Amino acid sequence: MSTFFELVQFIGRVMFVFLLIGSAIGHLTQTEAMAGYAASRGVSPAKPLVQISGVALLAGGLSVLLGIFGDIGSLGLAILLIITAVQMHAFWKETDPMAKQMEMVAFNKDIALAGAALFLWVYFHYDAVPWVLTDALFSAY
């Protein structure tokens, strides 16, 4: 693989985890505010689950970014993002049009990121992934 494509691939990984690591930092530094929102969406116990999801986002993001068992990190992110989309952004339950639109955007963002994470899960199983610290934890072949 040429150096140019290796660089582009790495930049893509950086761009993918940028939002996730930023969100993790928010979960861990603004726990009370996020727990209030999570509680309003029916999540209980909200505070510990916000903290756990923050750690999971950080661990998964760093796993993908650094290529440390990127297969497990990306699969974990995909699962977390799907759960978050359904639990936290259930736009179909909203009656206010503005709230419905905001939740639909957040739902779609999480589903799109989950799709990208699933793509990365498969991608990390191939030896063509440049600039990683470890190989995949589980081999696809």
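Values in this text are rule-based calculations from the coordinates and carry no lab data. Keep in mind the model is a prediction, meaning the values are calculated, not measured. In this analysis, Cβ positions are derived from the backbone assuming ideal geometry, glycine residues included, and neighbour counts consider all displayed protein chains.
With each label point set 7 Å from Cα along the Cα-Cβ vector, what nm distance links D96 and A33?
Distance between the two pseudo-spin positions: 1.8 nm.
Based on C-alpha coordinates, I'd like the Rg and Dmax of the range 38-141, in Å.
Just the Cα atoms of the range 38-141 yield Rg and Dmax of 15.8, 49 Å.
Highest first, please rank the peptides 66-78, 3-15 by the mean number of other Cβ atoms sitting within 10 Å of their residues.
Ranked from most to least packed, the peptides come out as 66-78, 3-15.
To the nearest 20 debye, what charge dipole does the range 49-141 have about its Cα centre, counting +1 at the Cβ of each Lys and Arg and -1 at the Cβ of each Asp and Glu?
On the way: 3 positive and 7 negative charges, 31 e Å.
That gives a dipole near 140 debye.
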